[in-house]
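A.B. asks: This is the structure I have questions about; it appears just below.
Bear in mind that the values in this text are calculations on the coordinates, not laboratory data. As the structure is a computational prediction, the values presented were derived from the model and not from experiment. Cβ sites come from the backbone with ideal geometry, for glycine too, and all protein chains shown count toward neighbours.
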Amino acid sequence: MKKKVAFYTLGCKLNYSETSTISRQFSKAGFDTVNFTDQADVYVINTCSVTENADKKCRKVVKEALKYSPNAYITIVGCYAQLKPTEISEIPGVDMVLGAAEKFLIIDYINDLTKQPKTLVYNQDIAQTNQFIPAYSFGDRTRTFLKVQDGCDYSCTFCTIPLARGSSRSDSIESVISQANEIAASGVNEIVLTGVNLGDFGIRNGERENRFFDLVKALDEVKGINRIRISSIEPNLLTNEIIDYVSISKRFVPHFHIPLQSGSNKILGLMRRRYRRELYTERVAKIKELMPNCCIGVDVIVGFPGETREDFLETYDFLNQLDISYLHVFTYSERENTPAAQMPDPVPGSERADRSKMLHILSEKKRRAFYESQLGQHAEILFEADQKDGFMHGFSRNYVKIKAPYDPLLVNGIKNVQLMNIAPDGDVEILETAEILSH
Ligand code: SF4
């Protein structure tokens, strides 16, 4: 009888690409992959540790897995597993905890699924973890997340990621191109490039071999891939040449997600970010000068220690006057072993919540204004596989989310449409043209 394995992923696109790669290792080893809610012999839970909540979520997922399969072998991998292996090993029902370097050797570690009296923990010191392991997601989405970079050499004072994922390291351009060709051959239309500090691509074995721009140019020549999206890039690493190139590129789409974190230079200093707000303004202006319809997403943290009401309003006004399209708002959460957790003047929880609410409202206002600026225009839509209440969704190259009556023939298809109006749920309704561009 083939053994059954089920997966659960918490966190970022990088985690999804790694879970998908690990699931292919299990298939190769003769396992059947089943849904998380089905009975399984082994569960692999890929964790995140960006916030306190993320840790809590892991516990909840373990409980859920044991509800479906009380005797299953539970393995925890990912950032939380690297940062707090002992804490996880005390969660009832967990059999094995694997660190950042060990997770891709899981098939060797789980061996015969025999439950041991004590939780097994394999987790080398992150400073030793400098090997880059390629990964990409496949099969569970229309778009493929392709991991090209891992780790980070920056030291933002609120962030645990360098402690969880180690130093900055990358795949070789040749290896990325061969994976992109593999993905193209599988019929996927869009690749989303992912990493921890993507713009820092090019470091191998501690030496810089090339730059992110070199990878962009090489990927733009990959036949069979219709779109390539840059998932996120630091403002100081988003160079003019990258913006110039994307504005004339065949495959790179006009959509940038650029972490800002704060609109106050005082707070950017306390965060130890590598730019000030003036550079951010320049980046946005440069993008909009070359690509007026470009979508710009912004990460911002509220409630950082020392952030006064005035500092927050400075951030609010800065974002309000910027020509951006949406925000991802994060409420500051103290993380162990980070300098920010020791900083004075913590912001009360209720005040953090209030500031988060204000920025969520601003984000909706920005998204609506961006969508309104696109109405009446034609756009190429990549249709997704989801179906909800008889409707399906899709995204334009510049990340406008549309809805249309469900049509199975359209799944993973690219079609030219006209953007008509904004539906009550905020998605854009379309007028389909006959033309199907690719399938
Ligand atoms: S750039 Fe800063 S916030 Fe981003 S992963 Fe690196 S240390 Fe963390």
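A.B. asks: Over 21 Å between Cα atoms: which of K57/K84; K57/K147; K28/K57; K286/K366; K3/K56; K56/K115 fall into that group?
C.D. replies: From the list (K57/K84; K57/K147; K28/K57; K286/K366; K3/K56; K56/K115), the Cα-Cα distance tops 21 Å for K57/K147; K28/K57; K3/K56; K56/K115.
A.B. asks: Over the range 378-438, what is the relative contact order in percent, taking alpha-carbon pairs closer than 8 angstrom and at least six residues apart?
C.D. replies: In percent, rounded to a whole number, it is 32.
A.B. asks: Separation between the M343 and T308 pseudo-spin-labels, each 7 Å from Cα along Cα→Cβ, expressed in nm?
C.D. replies: 1.5 nm
A.B. asks: Moving on to the next point. Projected onto the charge dipole of the chain (+1 at Lys/Arg Cβ, -1 at Asp/Glu Cβ, origin at the Cα centre), which of N71, V61, T160 gives the Cα projection farthest towards the positive end?
C.D. replies: N71
A.B. asks: Moving on to the next point. Are there cysteines in the chain with no other Cys C-beta under 4.7 Å, and if so, which?
C.D. replies: So, C12, C48, C58, C79, C152, C294, C295.
A.B. asks: Given a Förster distance of 45 Å, report the FRET efficiency between L113 and D317 from their Cβ-Cβ distance, rounded to the nearest 0.05.
C.D. replies: 0.20
A.B. asks: How big is the chain on each of its three principal axes, counting only the C-alpha atoms and giving the largest first in Å?
C.D. replies: If we take the Cα atoms of the chain, the spans are 63, 57, 46 Å.
A.B. asks: Once you list every other residue whose beta carbon is under 12 Å from the beta carbon of G195, what net charge do they have if Lys and Arg are +1 and Asp and Glu are -1?
C.D. replies: In short, -1.
A.B. asks: If you don't mind, another one. Loop-only trypsin sites (Lys or Arg not before Pro) in the range 66-167, please: DSSP not H, G, I, E or B, and at most 14 other Cβ atoms within 10 Å.
C.D. replies: K115, K118
A.B. asks: Still on this model: Label 7 Å along Cα→Cβ of V411; the range 30-66 residues with amide nitrogen under 12 Å?
C.D. replies: From the range 30-66, the list is empty.
A.B. asks: When the Kirkwood radius is taken over all Cα pairs of the range 4-127, what Stokes-Einstein diffusion coefficient follows at 25 °C and 0.890 mPa s, in µm²/s?
C.D. replies: 174 µm²/s
A.B. asks: With unit charges on the beta carbon (Lys/Arg positive, Asp/Glu negative), name the residue among G224, A353, V246 whose Cα is farthest towards the positive pole of the charge dipole of the range 135-373.
C.D. replies: G224
A.B. asks: Take every Cα pair under 8 Å in the chain that's 6+ residues apart, average their separations, divide by the length, and report that relative contact order as a whole percent.
C.D. replies: Once divided by the residue count of the chain, the mean separation gives 10 percent.
A.B. asks: How would you order 70-83, 336-349 from highest to lowest mean count of nearby Cβ atoms within 10 Å?
C.D. replies: So the order, starting with the most tightly packed, is 70-83, 336-349.
A.B. asks: Suppose every K and R has +1 on its Cβ and every D and E has -1 on its Cβ; what is the size of the dipole of the range 4-127 about the Cα centre, in Debye to the nearest 20?
C.D. replies: 280 debye
A.B. asks: Something else: Of V44, Y8, T86, whose Cα points farthest to the positive end of the dipole of the range 4-127 (charges on the beta-carbon: +1 Lys, Arg; -1 Asp, Glu; origin at the Cα centre)?
C.D. replies: Y8
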